[in-house]
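Undergrad: This is the structure I want to talk about, given as structure tokens.
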Amino acid sequence: MNNLLDGIEEVLLMGPGPSSVPPQVYEAIGKKTLGHLDPYFLKIMDELKERLRTLLNTKNNLTVPISGTGSAGMEACFVNLVEPGDRALILVNGVFGVRMREVASRLGANVDALEFTWGAPVAVADVAKKLGETPYRIVAVVHAETSTGVRNPVDEIGALLRGSDTIYLVDTVTSLGGIEVRMDDWGIDALYSGTQKCLSCPPGLAPLSFSEKAMAKLGARKSKVPNWYLDISLIANYWGQNRVYHHTAPVNMTYALYQALLLILEEGTQKVFKRHLDNHLLLVKGLEEMGLKMVVEEPWRLPMLNTVWCPEGIDELAVRRRLRSEFKIEIGGGLGPLAGKIWRIGLMGHTARKENVERFLDALRKSIS
Ligand SMILES: Cc1ncc(COP(=O)(O)O)c(C=O)c1O
């Protein structure tokens, strides 16, 4: 019988995710599947939680990977921390802020969205003004807006909420593993991420962490969490000391995340962040030498997700197709109002290497000439 899997080629993943997966992580996935309550697997789970805490700079007990992609992490945060009628403030400057607004609205929250220009960061003064006018149960923002390449000032927004009753929720899907995330220092109460960006795993798990304050809010809910699968109090019973079966954990993906975290911590987080930054600077230099213009102002650029304007007269999609077919490189196009206008070039995790930047610049030069 025909097997399409035999035809899968090696593609250099330089889009907005997934990123390239290192061989050690593929090896980890291929290890023998253990039972999800096997004592050896439980040890792996415990060490994984500890390593996640290290990368997140948190002491939060509830720090676990949710079964599902980044969007499952987003849903898990909102569905546990929001009840119908709760006031939620979503800071929106790209596709994933828009998605947060949609998720919160579907849960019956009373949602206000503070909108900012796509390609520019969230303006902290505007957030401060809004918070002065209305008390919110939850404020949510995306750290690294993958749709635009902007880093939002998550630490400064956290400072505005310090000491308040408000839950501070941050999306770190694209940032985690590529730039610093300091959950406790920045006053973040709930956070989720995804495995397929700077953690260099295939897609499939969503690291999530809740502070004591978030856990207290969850415990004080008037209504049951409406989603059984993502109910954190049930999931905590499996990942905690009770080990109560909730759903069958994706065992081999858990190995992958365990290995990926090990690689990051063994390389050293500061070295990993510097590798992302150095390669980003090399990429920007090469793009600017070709006469291309970056979308985002320098202080707010993400090292792991670079957005560049497609020059006048060049067919944005045709260039991406040529990169993929002739050079075996994947990059991303724009989303929403930026569709057809920009390219999104990922330097995430294992992909963030000099040889990849050089290979890409050479291929792009040939593709636009
Ligand atoms: C910032 C951000 N949040 C959330 C998501 C959703 O993650 P997933 O596609 O893994 O569900 C993405 C995916 O690209 C993202 O970049």
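Derivation of every value follows stated rules applied to the coordinates shown; laboratory data play no part. Small disclaimer: the values here were computed from a predicted structure and weren't measured. When we count neighbours, we look across all protein chains shown, and the Cβ atoms used for this are built from the backbone with ideal geometry, even at glycine.
Undergrad: Calculate the radius of gyration of the Cα atoms of the range 93-143 to one decimal place, then report Dmax, the largest Cα-Cα distance, as a whole number, both in Å.
TA: Looking at the range 93-143, its Cα Rg and Dmax stand at 11.1, 29 Å.
Undergrad: Would you mind working out the magnitude of the charge dipole of the range 129-206 relative to its Cα centre, with +1 at each Lys and Arg C-beta and -1 at each Asp and Glu C-beta, to the nearest 20 Debye?
TA: Result for the range 129-206 is approximately 160 debye, rounded to the nearest 20.
Undergrad: Over 23 Å apart: what share of the alpha carbon pairs of the range 93-238 falls there, rounded to a whole percent? List each step's numbers first, then the result.
TA: Details: 3757 of 10585 pairs.
Within the range 93-238, distances greater than 23 Å cover 35 percent of Cα pairs.
Undergrad: Okay, moving on. Given 31/59; 197/274; 285/366; 197/328; 197/366; 43/213, which pairs have Cα atoms separated by over 22 Å?
TA: Values: 31/59 30 Å; 197/274 16 Å; 285/366 17 Å; 197/328 19 Å; 197/366 27 Å; 43/213 27 Å.
Distance filter (> 22 Å) returns 31/59; 197/366; 43/213.
Undergrad: Please name which of 309, 183, 157 has its Cα lying farthest along the dipole of the chain towards the positive end, using unit charges on Cβ (Lys, Arg +1; Asp, Glu -1) and the Cα centre as origin.
TA: 183
Undergrad: If you don't mind, another one. For the chain, with a Gaussian network of springs between Cα atoms less than 10 Å apart, report the residue from 260, 28, 125 with the top mean-square fluctuation.
TA: 125
Undergrad: Here is a follow-up. In whole Å, what are the extents of the range 1-106 along the principal axes defined by its C-alpha atoms, from largest to smallest?
TA: If we take the Cα atoms of the range 1-106, the spans are 52, 37, 30 Å.
Undergrad: Give the Rg (one decimal place) followed by the Dmax (whole number) of the range 50-107, computed from C-alpha coordinates and expressed in Å.
TA: In order Rg, Dmax, the Cα atoms of the range 50-107 give 13.2, 37 Å.
Undergrad: A further question on this structure: Using modelled backbone amide H atoms (1.01 Å from N, in-plane), which distant-in-sequence or interchain residues come within less than 5 Å of residue 305's amide H?
TA: 347
Undergrad: Here's a follow-up. Take each of the peptides 160-166, 48-54, 62-68, average the number of other beta-carbon atoms within 10 Å over its residues, and list them starting from the highest. Could the numbers behind the result be given before it?
TA: Values: 160-166: 14.1, 48-54: 18.1, 62-68: 23.3.
Put in order of decreasing packing, that is 62-68, 48-54, 160-166.
Undergrad: Please report, in debye to the nearest 20, how large the charge dipole of the range 274-369 is about its Cα centre when each Lys and Arg carries +1 at its beta carbon and each Asp and Glu carries -1 there.
TA: Numbers: 17 positive and 13 negative charges, 65 e Å.
Dipole size: approximately 320 debye.
Undergrad: Given q = 0.17, 0.20, 0.27 Å⁻¹, what are the Debye log10 I(q)/I(0) values for the range 176-240, with equal point scatterers placed on the Cα positions and solvent ignored?
TA: -0.75, -0.96, -1.23
Undergrad: Follow-up. Comparing 71, 20, 223, which has the greatest mean-square fluctuation in the GNM of the chain with Cα pairs linked when under 10 Å apart?
TA: Looking only at 71, 20, 223, the biggest GNM fluctuation is shown by 223.
Undergrad: Among DSSP bridges having both ends in the range 23-265, what percentage is antiparallel? Round to the nearest 5.
TA: 40
Undergrad: Now, a different point. In whole percent, what relative contact order does the chain give with Cα contacts below 8 Å and a gap of six or more residues? Working shown, then result.
TA: Details: 718 pairs, mean separation 91.6, N = 369.
After rounding, I find 25 percent.
Undergrad: Based on the Cα gyration tensor of the chain, what are the three equivalent ellipsoid semi-axes, each the root of five times an eigenvalue, rounded to whole Å and given largest first?
TA: Equivalent ellipsoid semi-axes, largest first: 33, 27, 17 Å.
Undergrad: In debye, nearest 20: dipole of the range 177-318 around its Cα centre with unit charges on the Cβ of K, R (+) and D, E (-)?
TA: 800
Undergrad: Listing 322, 365 from the residue with the fewest other Cβ atoms within 10 Å to the one with the most, what is the order?
TA: 365, 322
Undergrad: Here is a further query. Apply the Karplus parameterisation 6.51 cos²θ - 1.76 cosθ + 1.60, with θ equal to phi minus 60°, to every residue of the range 102-114 and state each ³J(HN,Hα) to the nearest whole Hz, in sequence, with x for glycine and proline.
TA: 5, 5, 5, 5, 4, 8, x, 6, 8, 9, 10, 10, 9
Undergrad: Next up: Could you work out [θ]222 nm for the chain from helices alone, using -39500 (n - 2.57) per DSSP H run of at least four and dividing by all its residues? Round to the nearest 500 deg cm²/dmol.
TA: -12500 deg cm²/dmol
Undergrad: Pick from 181, 142, 98: which is most flexible by mean-square fluctuation in a GNM of the chain where alpha carbon atoms under 10 Å apart are linked?
TA: Result: 98 has the largest fluctuation of those listed.
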